[in-house]
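Engineer: Structure in structure tokens, see below.
Laboratory data are not the source of any read-out in this text; all were calculated from the coordinates shown. A quick note: this is a predicted structure, and the numbers were derived from the prediction, not measured.
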Amino acid sequence: MSFKWRPLHSIGLEFHNSIYWILHNRGKYGFRHICMLFLVLVYTLLGAALFFSIESRYERKTVASRKIALDAKIEVIAEQLRQLYNNSDAVVDPRLVEKFVKHSYIALLKEESLFSGSTYYKAEDPANFKWTYPSAVFFSMNVYTTTGYGSIAPDSMLGRLCVICYSLITIPVTLVVIRDLGQWTLVILTKGYAHILVAFRRSMGYSEPHEDTMIALPMKFCLSLLAGYTLFAATFVYIFDEWNGDIPGSGLPFFTSFYFSYISITTIGLGDIMPNNATVSQDSFVRSIRL
């Protein structure tokens, strides 16, 4: 058997020719789309690694601390129950035991911050029910803006079917409305920026731009506007949530309010943070302000 050796420069030439051929025919084989999908895959995997490394450690730490608190609460409940049964002079009333178990269950829910939204919480006051008309307005806004906080969602099969039908109609219409309002806002901002620019150049003695000159909003202005809008929304949520609280300092911290506003404006809508003191109907008002 004999081997045929080729010069190294010919191998390198074939390599360059193959790369050139791929780049030259990239449109025919969808090379650009493959690169975009690969980019999505890359930042998905990198994001997963980032959030997993941060949140997994925090979750383990939180679970450990909550387990210690729950074990301590259970020990207190068990000691109270032992004293109740060991008291030979007392006649154990079944209703007293039921009341004790109920209060113990509520105490455990409050220990894990799960009492709000529970059955006993809703039974205390009809106003605590999840579904009211204002909360339904809030939910509808979550659907067609694709934010989806997850704080309220239908449980019935009919409700879920209606969500599918409702979203198929309202989401495209909302996108058209947002596009229309966005173009209208862009025209107003561009005209305002053009007037300011012309007035500034006139005051500085520069030549005025020709009437056919295209004036576009600079990227710095757009980013500053977005940052200012997010800060305004965060400040509004921070003040509004604090104002609705019965206890001073019970509202969201400012950074958490900023985080909540950013998650809402970008329609990420994780649902991990909601205002502490604002009801669902008030949340719909806050969301309408941000929209």
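Engineer: From the Cα gyration tensor of the range 133-291, with a ≥ b ≥ c the square roots of its eigenvalues, which class applies: rounded if a/c is under 1.5, or else prolate if a/b is larger than b/c, or else oblate?
Structural biologist: oblate
Engineer: From Cα pairs below 8 angstrom and at least 6 apart in sequence, can you work out the relative contact order of the range 101-205, rounded to a whole percent?
Structural biologist: 15
Engineer: Taking Lys122 as the anchor, which lysines have their alpha carbon closer than 17 Å to its alpha carbon, excluding any fewer than eight residues away along the same chain?
Structural biologist: Within the straight-line cut-off, Lys122 pairs with Lys102, Lys110, Lys130.
Engineer: Additional query: Taking a cut-off of 26 Å between Cα atoms, list the lysines near Lys191, but don't count ones fewer than 8 places away on the same chain.
Structural biologist: Hits, sequence-local ones excluded: Lys220.
Engineer: Next question, about the same structure. Let me know the shape class of the range 116-214, please: from the alpha-carbon gyration tensor, a ≥ b ≥ c as square roots of the eigenvalues, rounded when a/c is under 1.5, otherwise prolate if a/b is greater than b/c, or oblate.
Structural biologist: Working: a/c = 6.47, a/b = 2.75, b/c = 2.35.
Prolate shape, in that a/c is at least 1.5 and a/b is the bigger ratio.
Engineer: When the Karplus curve 6.51 cos²θ - 1.76 cosθ + 1.60 is applied with θ = phi - 60°, which whole-Hz ³J(HN,Hα) does each residue of the range 162-169 get, with x for Gly and Pro?
Structural biologist: Those phi angles translate into 5, 4, 4, 5, 5, 5, 4, 8 Hz.
Engineer: Read phi for every residue in the range 228-240 and hand back ³J(HN,Hα) as whole Hz from Karplus 6.51 cos²θ - 1.76 cosθ + 1.60, θ = phi - 60°, with x for Gly and Pro.
Structural biologist: Result, rounded to whole Hz: x, 5, 5, 5, 4, 5, 5, 5, 5, 5, 4, 6, 5.
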